[in-house]
1. From TYR69, TYR74, which residue is within 30 Å of LEU32 (Cβ to Cβ) and part of a helix (DSSP H, G or I)?
2. Check whether at least one residue in segment 76-90 is exposed (fewer than 12 other Cβ atoms within 10 Å of the Cβ), within 21 Å of GLY10 (Cα to Cα) and not hydroxyl-bearing (Ser, Thr, Tyr), and report yes or no.
3. Does segment 90-106 include one or more residues that are closer than 27 Å to GLU132 by Cβ, in a helix (DSSP H, G or I), free of Cβ contacts under 8 Å to residues at least 40 places away in the same chain and not basic (Lys, Arg)?
4. Given the options GLY124, GLY95, name the one that is modelled with pLDDT under 95 and open to solvent by less than 40 Å² (accessible area, probe 1.4 Å).
5. Name, by its number, the condition in (1) farther than 20 Å from VAL23 by Cα; (2) within 14 Å of the chain's Cα centre (by Cα) that does not hold for ILE120.
6. Give segment 30-39 a look and list any residue that's within 17 Å of GLU132 (Cα to Cα) and open to solvent by less than 50 Å² (accessible area, probe 1.4 Å), or say none.
7. Looking at ASP8, ASP27, which one is within 14 Å of the chain's Cα centre (by Cα), among the acidic types (Asp, Glu) and either more than 16 Å from ASP109 (Cβ to Cβ) or open to solvent by 20 Å² or more (accessible area, probe 1.4 Å) (or both)?
Amino acid sequence: MGYKVYTDGGCSGNPGPGGWGFVLLKDDEFLLESSGGEKYTTNNKMEMTAVIEALSYLKDNGIDEAEIYADSQYVVNGITTWINGWKKNGWRTAGKQEVKNSDLWKEIDRLNSELSLTWIWVKGHAGIEWNERVDQLTQIEIARFQ
């Protein structure tokens, strides 16, 4: 089995007060959860911050292999597909626009390259226990900044 991480992030308004959260499991047993937020941010930044915080935790604690579960297609498609083209195009999209949040993408890419990760998209608000928990953490953080 190994390690599994569930991540989520969001805002009230976009932009607006935001929150993020992650949960770490080992062999399907809860190990820990972490969360945070910002007064004024975007949904995508919070989704990405959740991933950066989770991957940083893994790296800092000698965990080099994990499955990452996210309900953000932006995050999962970004790191598994789009990022290769962005890097090849000098961090520009196919439409020649600057990639939004490129600083966060570069950090996710760096951490991704230093770890052995499997990226898995899960449907949000579909009753998946740990995805529901990271959504709760995100909502708690959003409320703290409203």
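The values are calculated or read from the model by the stated rules, or taken from the named source; none is laboratory data. What you see is a predicted model, and the numbers here were worked out from it, not measured in a lab. All Cβ positions, glycine included, derive from the backbone under ideal geometry; neighbour counts span all protein chains shown. What goes into the accessible areas is simple: the full protein's heavy atoms, side chains included, and nothing from ligands, DNA or RNA. Shrake-Rupley method; radii C 1.70, N 1.55, O 1.52, S 1.80 Å.
1. TYR74
2. Checked segment 76-90: no residue is exposed (fewer than 12 other Cβ atoms within 10 Å of the Cβ), within 21 Å of GLY10 (Cα to Cα) and not hydroxyl-bearing (Ser, Thr, Tyr).
3. So far as segment 90-106 goes, no, none of its residues is closer than 27 Å to GLU132 by Cβ, in a helix (DSSP H, G or I), free of Cβ contacts under 8 Å to residues at least 40 places away in the same chain and not basic (Lys, Arg).
4. Only one candidate passes the filter, namely GLY124.
5. (1) is the only condition that ILE120 fails.
6. LEU32, SER34, SER35, GLY36
7. ASP8
Residues are listed down the side, and each one gets a yes or a no for (1) closer than 27 Å to ILE140 by Cα; (2) modelled with pLDDT of 95 or more; (3) over 13 Å from the mean Cα position of the chain (by Cα); (4) open to solvent by 30 Å² or more (accessible area, probe 1.4 Å):
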residue: GLY18; (1), (2), (3), (4): yes, yes, yes, no
residue: THR41; (1), (2), (3), (4): yes, yes, yes, no
residue: MET48; (1), (2), (3), (4): yes, yes, no, no
residue: ASN61; (1), (2), (3), (4): yes, yes, yes, yes
residue: GLU65; (1), (2), (3), (4): no, yes, yes, yes
residue: ALA70; (1), (2), (3), (4): yes, yes, no, no
residue: GLN73; (1), (2), (3), (4): yes, yes, no, yes
